[in-house]
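The values are calculated or read from the model by the stated rules, or taken from the named source; none is laboratory data. Everything numeric in this text was worked out from a predicted model, so none of it was measured. All Cβ positions, glycine included, derive from the backbone under ideal geometry; neighbour counts span all protein chains shown.
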Amino acid sequence: MEFLLSSAIGLLTAAGVYLILRARTYPVVLGLALLSYATNLFLFATGRLVLDRPPVILALANGYTDPLPQALVLTAIVISFGMTAVIVVMALRSYLENGSDHVDGETHSEDRS
Amino acid sequence: MNHWIIAPIVLPAIMAPILLMAARHDVVLARIFSIASSVALLGIALALTMMVSDGIIVTYALGNWIPPFGIVLVADRLSVLMLLLTAGLALAVLLFAIDGSDRQGRHFHALFQFQLMGINGAFLTGDFFNLFVFFEVLLIASYGLMVHGGGAARTRAGVQYVAINLVGSTLFLIAVGMIYSVAGTLNMADLAIRVPKIAAGDQALLQTGALLLLLVFCIKAALVPVHFWLPGTYANAPAPVAALFAIMTKVGAYCVIRLYILAFGADAGAASWLAAPWLLPAALVTLTLGMTGVLAARRLGQLASFAVIGSMGMLLVAIALFTPASLSAALYYLLHSTLAGAVLFLIADLVSRRRPGQDDALTVAPRFAQLSLLAGAFFIAAIAATGMPPLSGFIGKLLILDAARDSANPVLIWSLLLLTSLLAIIGFGRAGSTLFWKSTGEPGHFPAAPENNTLSLVAIGLLLAGSVGLTLFAGPLTAYLDATAEQVFATRQYIEAVLGNTVLEGGIL
């Protein structure tokens, strides 16, 4: 399970970093979304990987998993969801105003050069 | 428990929805509410200053959950000083904005209040996940303010600004996760206790996390090599917003001061003074690059942006020395550079509005309305920003030079500081003489200013008066800042105030 989780985080991060370095806003937005997924998984792992343990007090529990990272991940999900919405709207507005979805606002004629 | 501490967060948090819902269609009503809120914030900040001025640290446990389990707000001299600066700057900027630029788009005042809530929260919190949340609050408000009024160049710069800050937020979360995974706490005071006890095998993870966090704060503070967002953002943002953003770079500087002295300072064992070897070279390069940018700028707004970068470099040089004397100098320079940076953006905007077609480009063009008045304001602002006597920039620079005398390489710091001052003086001198002096010789005249600008001029006057005030009261002020710096370095006092005095003797942990 450790290998599965860490490789998933690594792949998501690598794909995210590759995408945010692209010149168009759409891949950049996707890259930021992938990075935020990777971060959420990473935060989840900071409480150590535990199977079948409750996060809150239970009379019959043999042990507990750390509840705090789960709360952090919830907060992070809400914030990154909101932020993704914001950047989508901003990117669309920039596309409409500049006539180009290039992050530096270059027009289509310069694309293939 | 003293409830006044949370007022700087709650007041704008209540005011912003009221502005959003009740005063949506009525500009006059929105302005009245907004100004009233800012005046009240200034009053609260002054009251809090009175409260902490005798050196006590006041804490506020939200929901009465005992720290380190609950979130805690901490008001000490440093955080209250920052609150006071924010409130003062916000009031002046708001006066400038209600002179017309708040009408260029919608919801300016609501976003402005949310921005203040985020900034105040970041200064008050004693918990670094909460710090992340307040960072997001201030950032999401700043995204809205940044593109206020719209326009192609502004939205393009806005997208870049949002993207870089989202990357910053991602790094922040990763860093917080790394630190939590080895320290098991998110409370800054609790972290300060646990850092020295971290096992040698976990040190790498802890220090990587702490340095990633430093990188995030450096993005906020626009330090080289992560400064690229600043010139585009500030030069394209509406003037009052750019002026308010002058405090946002200081949020990064504040976080560096707070966390890297408290948790990674003298008592941190293997991780002690973790930030210093990275911060000092970066700050020196930032200073050089910023002031070179001042020399190379083609527009007044650009010049002001690079002046802000240069001043952040200067500020962080002083912080990176990590001594009480250098911190006191840094705090003085922080107060000064916030006011001087903000007023430059406001002046650039007034000049730009009076020169249709030329805007704020540094070109020789015909005379424009109120030329001598704006020239005078720019002259005073430039003296302050470049650090010439007799204004506050000079005193700030002198204090930093004095504090750098006992550092490891005083020759390098002194020569760079003085050389970059020369660059800044040449840059500002060239800009001022082109815009104001040579233009008087040109035939013709730009049309008179379309609107009445009294409030804008009052706002500029207030900020300049702030700089003069910093100079006149430099004596008592530096005494107060010395005490502030000593309180920041007395980390034990902070930890006891937050966690109770049994903790350090190994009581409850």
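A few remarks follow.
- Total residues in region A:49-76 satisfying the condition of being within 11 Å of another protein chain (Cβ to nearest Cβ), surrounded by fewer than 16 Cβ atoms within 10 Å (Cβ to Cβ) and in contact (Cβ under 8 Å) with a residue 24 or more places away in the chain: the figure is 0.
Yes/no per residue for (1) within 14 Å of chain A (Cβ to nearest Cβ); (2) farther than 30 Å from B:Ala239 by Cα; (3) surrounded by fewer than 23 Cβ atoms within 10 Å (Cβ to Cβ):
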| position | (1), (2), (3) |
| --- | --- |
| B:Gly151 | yes, no, yes |
| B:Leu191 | yes, yes, no |
| B:Leu205 | yes, yes, yes |
| B:Thr208 | yes, yes, yes |
| B:Leu212 | yes, yes, yes |
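- Filter pass, A:Thr39 being surrounded by 13 or more Cβ atoms within 10 Å (Cβ to Cβ), facing chain B (nearest Cβ under 9 Å) and closer than 29 Å to A:Phe3 by Cα: yes
- For A:Thr46, the requirement of being facing another protein chain (nearest Cβ under 8 Å) and touching a strand residue (DSSP E or B) at 6+ places or on another chain (Cβ under 9 Å) is not met.
- Scanning region B:371-384 for residues that are crowded, with 17+ Cβ neighbours inside 10 Å and not small (Gly, Ala, Ser), we see that the one that is modelled with the lowest pLDDT is B:Leu371.
- Residue in region B:135-145 that is over 27 Å from B:Ile495 (Cα atoms) and within 7 Å of chain A (Cβ to nearest Cβ) present: yes
- For A:Ala33: the one exception among (1) exposed (fewer than 12 other Cβ atoms within 10 Å of the Cβ); (2) assigned to a helix (DSSP H, G or I): (1)
- Under the condition of being in contact with a Ser or Thr (Cβ under 6 Å, 6 or more places away or on another chain) and crowded, with 16+ Cβ neighbours inside 10 Å, the residues counted in region B:356-366 number 4.
- If the condition is being surrounded by 14 or more Cβ atoms within 10 Å (Cβ to Cβ) and within 22 Å of A:Leu49 (Cα to Cα), then region A:9-19 contributes A:Ile9, A:Leu12, A:Thr13.
- Number of positions in region B:168-189 that are at the interface with chain A (Cβ under 8 Å from one of its Cβ atoms), farther than 21 Å from B:Val498 by Cβ and either aliphatic (A, V, I, L, M) or buried (at least 23 other Cβ atoms within 10 Å of the Cβ) (or both): 6
- The one condition in (1) within 17 Å of the chain's Cα centre (by Cα); (2) within 19 Å of B:Val39 (Cα to Cα) that B:Thr125 fails to fulfil: (2)
- For the residues B:Ala375, B:Ala382, the requirement of being in a helix (DSSP H, G or I), among the hydrophobic types (A, V, I, L, M, F, W, C) and under 20 Å from the mean Cα position of the chain (by Cα) singles out B:Ala382.
- Residue in region B:443-457 that is in the same structural domain as B:Leu295 (by TED's automatic domain parsing) and under 18 Å from B:Ala384 (Cβ atoms) present: yes
- All positions within region B:373-393 that are farther than 16 Å from B:Gly341 by Cβ and touching a residue at least 60 places away in the same chain (Cβ under 8 Å): B:Leu373, B:Leu374, B:Ala375, B:Pro390
- Filter pass, B:Pro196 being outside any helix (DSSP H, G or I) and more than 14 Å from chain A (Cβ to nearest Cβ): no
- Qualifying residue in region B:364-372 (condition: in contact (Cβ under 8 Å) with a residue 40 or more places away in the chain, within 23 Å of the chain's Cα centre (by Cα) and in a helix (DSSP H, G or I)): no
- Qualifying positions in region B:385-409 - outside any loop (DSSP other than H, G, I, E, B) and exposed (fewer than 14 other Cβ atoms within 10 Å of the Cβ): B:Asp402
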